[in-house]
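Note sheet for the following structure.
The values are calculated or read from the model by the stated rules, or taken from the named source; none is laboratory data. On a predicted model such as this, the values are computed, not experimentally measured, just so you know. Note that each Cβ is placed from the backbone with ideal geometry, even for glycine, and that neighbours are counted across all protein chains shown. Side chains included, ligands, DNA and RNA excluded: accessible areas come from the protein's heavy atoms. Shrake-Rupley method; radii C 1.70, N 1.55, O 1.52, S 1.80 Å.
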Amino acid sequence: MGLKLVRRLTWSSAILTLLLMGGQTSAQTLMRAAPKDAGLAPDKLALATDALQAQIDAGDIAGVVAAVVKDGKLVYHEALGHMNIETGAAMSFDALFRTYSMTRPITALGILMLHDDGLLDVNDPVQKYLPQFAGQQVLQDASEPDVAATRPREGDITLAQLLTHTSGIGSRSSAFYRAHNVHGYDQTLTQVVDNVAALPLFEDPGTRYRYGMHSEILGRVVEVVSGMDILTFYQQRIFAPLGMTDTVFYVDAARQNRLATVYRPDDNGQLQPIEMETIPVTEPRALTSTGVGLVSSTMDFLRFSQLFLDNGRINGEQLVSADVVRMMAENAVPDALLPIGGSGYWLGSGWSLGGMAVVMDATTYNHRVNQGEYWWDGSAGTRFWIDPQENMITIIMAQVSPASGNGFRERFKTLVYDAID
């Protein structure tokens with residue numbers, strides 16, 4: 001690519017960014033600490049940085065921001081490479097990234113907050129709040145979906161099944177949903193949810209784990225129960241208290257110079273810009289997609305993650321109960337539906353009510369993880385891990401499609417954990 005050893009931002013710049021983004025006294029504060037004071041070897045962390053730079057130089061990714069919080073302190077924060085290769089814009093600590101499925105845990109937290117408030121129960125049927133789901137049928141053959149070939153549903157979909165992807169609802173990328181234009185950024189959240197309800201389920205609720213379009217329905221439940229549109233709810237209940245100042249559905253003009261470009265390798269392996277959506281995040285969109293719609297930064301997601309390691313408290317004040325923290329962190333998929341997948345980490349993972357994978361068998365993973373760690377990622381190269389055992393958060397954000405980027409996320413996580421003394 002001819003883009004070697006791009007400017008690496010300094011710690012002083014990182015701290016300035018922290019101060020600018022976290023000045024609210026009510027916001028989650030993450031102070032800096034030296035890696036060695038938190039039990040991490042600086043020379044080994046440097047290997048993680050070098051590995052990321054090598055993958056940038058090799059053209060696996062254009063740029064990246066990565067950070068580690070240990071015992072509530074920011075001990076590692078690096079910005080490498082480019083936000084935009086064509087303009088030469090260097091990656092910045094406050095770069096914004098399309099997080100896609102990392103939107104789901106935020107929506108799940110909203111549902112669990114309402115559960116905490118006593119305004120709903122996760123075991124409630126979804127039709128209690130969205131009656132359009134009451135008469136939903138089931139496909140006779142999910143492998144060959146036909147809306148004319150259905151049968152009555154056995155059992156009602158619960159909010160817990162929506163949270164754990166065991167409701168029978170399918171994926172927005174499925175051929176069936178695509179054929180019926182279920183999910184589009186020119187539709188409202190209400191329209192998208194109605195589209196899902198109008199089609200039959202792939203199977204009966206509670207009979208299989210199927211990763212799918214559950215968070216959009218949950219987002220609409222949040223709106224109905226709270227009486228707020230989803231962005232207002234996010235802002236008042238989650239973003240403002242945590243100091244998540246850069247988590248948005250729409251990247252306005254004031255933020256656009258911080259939005260990292262998504263790249264995809266061409267047939268020659270050279271990274272080329274790619275727009276993954278029909279309506280870019282820099283244009284107003286009808287759909288506030290509560291499953292895949294948010295743009296965010298590493299610092300915002302670190303603050304979100306730290307809430308759970310702090311047992312639901314922010315600067316000494318309880319934002320959510322310990323029960324909500326437990327529900328965010330623990331597997332909630334029934335034993336009868338495990339494993340949730342047939343290969344790789346899917347064999348050793350559960351799924352929490354908090355919209356995240358939970359490590360149940362670390363030996364199935366191709367990178368370093370601990371039992372009980374919970375995490376999730378996005379389809380444009382973002383990922384975060386929350387580790388109660390080490391009291392540690394690891395996050396990495398790039399913009400690449402496919403998201404694998406030659407394993408840059410897994411390699412980074414392993415090298416970071418190799419640095420633990």
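If only residues of the range 207-228 that are out of contact with any helix residue (DSSP H, G or I) (no Cβ under 6 Å at 6 or more places or on another chain) and either farther than 20 Å from Val182 by Cα or β-branched (Val, Ile, Thr) (or both) are counted, the one that is least open to solvent (accessible area, probe 1.4 Å) is Val221. In the set (1) in contact (Cβ under 8 Å) with a residue 60 or more places away in the chain; (2) within 28 Å of the chain's Cα centre (by Cα), the condition left unmet by Gln137 is number (2). Which residue is most open to solvent (accessible area, probe 1.4 Å), if the candidates are limited to the range 235-265 and must be touching a Pro at 6+ places or on another chain (Cβ under 7 Å) and of a type in the set (Phe, Trp, Tyr)? Per the stated criteria, the residue is Tyr250. Mind checking which residues of the range 161-176 are surrounded by fewer than 22 Cβ atoms within 10 Å (Cβ to Cβ) and either of a type in the set (S, T, N, Q) or within 22 Å of the chain's Cα centre (by Cα) (or both)? Result: Ser171, Arg172, Ser173, Ser174. Select from the range 283-305 the residues that are within 18 Å of Val65 (Cα to Cα) and surrounded by fewer than 21 Cβ atoms within 10 Å (Cβ to Cβ) and list them in ascending order. Answer for the range 283-305, where residues must be within 18 Å of Val65 (Cα to Cα) and surrounded by fewer than 21 Cβ atoms within 10 Å (Cβ to Cβ): there is none.
Of all residues in the range 102-130, those that are without any contact (Cβ under 8 Å) to a residue 24 or more places away in the chain have Cβ atoms under 9 Å from Cβ atoms of residues that are open to solvent by less than 20 Å² (accessible area, probe 1.4 Å) and part of a loop (DSSP other than H, G, I, E, B), 6 or more apart or on another chain, in Lys128/Leu120.
If we keep just the residues of the range 148-158 that are touching a strand residue (DSSP E or B) at 6+ places or on another chain (Cβ under 8 Å) and in contact (Cβ under 8 Å) with a residue 12 or more places away in the chain, which is least open to solvent (accessible area, probe 1.4 Å)? First the steps, then the outcome.
Let us first name the residues in the range 148-158 that are touching a strand residue (DSSP E or B) at 6+ places or on another chain (Cβ under 8 Å), namely 149-154, 156-158.
Going one step further and asking which of them are in contact (Cβ under 8 Å) with a residue 12 or more places away in the chain, we end up with 150-154, 156-158.
On the way: Thr150: 39, Arg151: 77, Pro152: 92, Arg153: 38, Glu154: 128, Asp156: 72, Ile157: 4, Thr158: 30 Å².
Filtering the range 148-158 for residues that are touching a strand residue (DSSP E or B) at 6+ places or on another chain (Cβ under 8 Å) and in contact (Cβ under 8 Å) with a residue 12 or more places away in the chain, the one least open to solvent (accessible area, probe 1.4 Å) comes out as Ile157.
Taken as a whole, the structure leaves Glu144 outside the set of residues that are in contact with an Asp or Glu (Cβ under 9 Å, 6 or more places away or on another chain), surrounded by fewer than 15 Cβ atoms within 10 Å (Cβ to Cβ), among the charged types (D, E, K, R) and outside any helix (DSSP H, G or I). Filtering the range 311-369 to residues that are touching an Asp or Glu at 6+ places or on another chain (Cβ under 7 Å) and hydroxyl-bearing (Ser, Thr, Tyr) leaves Ser321, Ser352.
Once the range 306-319 is narrowed to residues that are out of contact with any strand residue (DSSP E or B) (no Cβ under 9 Å at 6 or more places or on another chain) and either in contact (Cβ under 8 Å) with a residue 24 or more places away in the chain or not small (Gly, Ala, Ser) (or both), the residue that is surrounded by the most Cβ atoms within 10 Å (Cβ to Cβ) is Ile314. In the set (1) of a type outside the set (A, V, I, L, M, F, W, C); (2) free of Cβ contacts under 8 Å to residues at least 60 places away in the same chain; (3) assigned to a strand (DSSP E or B); (4) touching a Lys or Arg at 6+ places or on another chain (Cβ under 8 Å), Thr414 fails one condition alone, (3).
Each residue in the range 353-406 was checked for being within 18 Å of Ser305 (Cα to Cα), of a type in the set (S, T, N, Q) and either open to solvent by 10 Å² or more (accessible area, probe 1.4 Å) or not in a strand (DSSP E or B) (or both), and 4 pass.
Scanning the range 320-347 for residues that are within 15 Å of the chain's Cα centre (by Cα) and either acidic (Asp, Glu) or open to solvent by 10 Å² or more (accessible area, probe 1.4 Å) (or both) returns a single hit, Ala329. Hey, can you tell me all the residues within the range 229-250 that are in contact with a helix residue (DSSP H, G or I) (Cβ under 8 Å, 6 or more places away or on another chain) and over 22 Å from Leu119 (Cβ atoms)? Gly243, Met244, Thr245, Asp246, Thr247, Phe249, listed by residue number.
Here Glu277 qualifies as in a loop (DSSP other than H, G, I, E, B), of a type in the set (Asp, Glu) and under 21 Å from the mean Cα position of the chain (by Cα).
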